[in-house]
Amino acid sequence: STNSAIEKLGCTIIATQPWTLTGNISVASFALAIYLIRDPQGALKFSGSVQGSIAVGKFVFGAFVPFNMPDSKAQFLFPEIAITGRSLDDYVLPNSIPSPDAPLELEGLSDDEKAAVVSTTLQKQYQQLQARKDAFRALFASTAAEMNNFTGDLAARGARGEFLLLGSLVDSLGLPGLTSAVLDPGVAGLPNFATFGILNLGIQFGPPLNTSGFGSFKSFNVTVVSTASWNLVSQLSVLFFNFQVSIVTTSYGARSFFGSVQGSLGVGPVAVGVYVPFNLPGMSTELFFPTISVAGVTLEDYFGLDNFDDSFDYVADRLNPSFATSLASSLGSVPVASYARAAAELGTSLATRRAAVIDKSVNYMLAPVNELKSFVAQMANQSATLLQLGTIVDALGIPGFDSSILDPKIAGLPNIAKFALLRLKVELGSPKKGAGSSSSGFSSLRSLATSIVSVNPWTLIGSLTVQTFCVSAYITQDAYGLRRFSFVVQGAMTVQTQTTGFTLGLRVPVNRPNENARFILPKFIVAGQSLTDILTIKNTSSMMPSSNANLTGLAMAGTAA
């Protein structure tokens, strides 16, 4: 035959008017694209897509649904929701560490140069994640009143049709006996699911697994958010809720389920940001507390609470040689030697930065008595925005169990109810193996970090008063699965006499390698010269003199209270 064979054919059909599907659900615009393409083997392949816009009551969204187009993703395009000038998506924490936009260019570089590129790239990725956390904390860790304003704004947007609410979707179906009322369980502690909205939705299909011609399921993701707060128990409430879930098919055909729950939890008057990942080894459950600044210094800076523990874990994970294979797609082919070099350089850099942060924290404890007392008073004035242990206990509303039980009422001991959480982070590893080769399904504890500070000073004995106090506890797990417990106690005290007063400080790390105990003592001046300089005592970072007490002749003169 001399007739030419079809190599490629494309056709697009559009609708010229909308139509109703059911109830209040209608198709506002529609386009059907059909393609016939001959493959190298001579067979014609049929594919195409359906796209357009769908109206559900007042809400209109776009849809793109491909068929027989491997690796193309069915997408439902929802309007962007802007909060304080930024997309709501920007405030959602990702379920993975940010990755480079393209594989790294390492061709022709030496191992040392490759190590430098890897180090720089990983630090940038970590900084991007920290920036997302800062934005998340700024929005969701504040006060319950501010968060109620936020959710009220979301609810108003939902009423205007800016959100695809589950209740609106059910009502729009127009099915007899099925209304949004069925989504409200009416049970104490549970929300009205009709007020939940869909933020994004996507489905992706891969090549067919058999000759059926239908693409195989490859991935699914959806994000659902709440537009109204609800009470859990007593003074404990959910102010904002965001649920992300993804299902992906691995190269071996197995399906993996993972995601996160995040949002804002109201504990009495305090709003706490919450991020809880599931089936995501390497990502940590974390609580985000309101940022408190006193005299221009955040409490985290004052007590030397940084993210270096996070960054050490992050770097150790991603520079471990066993990670080289999994990182190949984003970082390119990186020799093990480059990973080792990068790990050593980053470890040294982070250790130097950590030492500087600790030194800065210790210096804050050298403040004169008046300045120290002023700092403590200003911190107490902001106690309503701190998540105090007493507030947590009272919020639970358990009969006969309130914050008063945290006050031992014993001379020399503080009221524990006036202690506040500054951070809490828990990381879970891969599920442990049970008998044989089966997995228990429960993730193992990999690390924990928490810090608690005192809000009010207390008298130890006589004129010795604890002004500031912080204890940080850590649990870490090494490559062999062994756990190590460590903690740091630090704070500043004042000694007051009838004529003078001075400060004493300490920072005592326990089971923390490369960290020294530091005792901050008054700086004694003899004949206008520091006694430390006279005796040529070198600063070993274990004992530091305070500048707020002087010794002239045989008399000590400190900063007056």
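Of note:
- Just so you know, in the range 435-469 the residues that are assigned to a strand (DSSP E or B) and modelled with pLDDT under 70 include one that is surrounded by the most Cβ atoms within 10 Å (Cβ to Cβ), and it is Ser443.
- Where helices (runs of 4 or more DSSP H) fall wholly inside the range 108-207, the ranges with 3 or more residues that are acidic (Asp, Glu) and surrounded by fewer than 18 Cβ atoms within 10 Å (Cβ to Cβ) are 111-140.
- Scanning the range 47-73 for residues that are among the basic types (Lys, Arg) and within 11 Å of Ile203 (Cα to Cα) yields a count of 1.
Residue-by-condition table, conditions (1) closer than 29 Å to Arg512 by Cβ; (2) modelled with pLDDT of 95 or more; (3) out of contact with any Phe, Trp or Tyr (no Cβ under 6 Å at 6 or more places or on another chain); (4) open to solvent by 30 Å² or more (accessible area, probe 1.4 Å):
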site	(1), (2), (3), (4)
Glu345	yes, no, yes, yes
Arg353	yes, no, yes, yes
Ala356	yes, no, yes, yes
Phe375	yes, no, yes, no
Thr385	no, no, yes, yes
Gly397	no, no, yes, yes
Lys433	no, no, yes, yes
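- Top-ranked residue of the range 58-92 - restricted to ones that are without any contact (Cβ under 8 Å) to a residue 12 or more places away in the chain and open to solvent by less than 70 Å² (accessible area, probe 1.4 Å), ranked as nearest to the chain's Cα centre (by Cα): Ser87
- Answer residue from the range 272-321, given it is among the small types (Gly, Ala, Ser) and open to solvent by 20 Å² or more (accessible area, probe 1.4 Å) and is modelled with the lowest pLDDT among those: Ala316
The values are calculated or read from the model by the stated rules, or taken from the named source; none is laboratory data. Just so we're clear, the structure is a prediction, and the values are computed from it rather than from any experiment. Because the Cβ atoms are built from the backbone with ideal geometry, glycine has one as well, and the counts that use them run over all protein chains shown. Please note that ligands, DNA and RNA were not included when accessible areas were found on the heavy atoms of the full protein model with its side chains. Shrake-Rupley method; radii C 1.70, N 1.55, O 1.52, S 1.80 Å.
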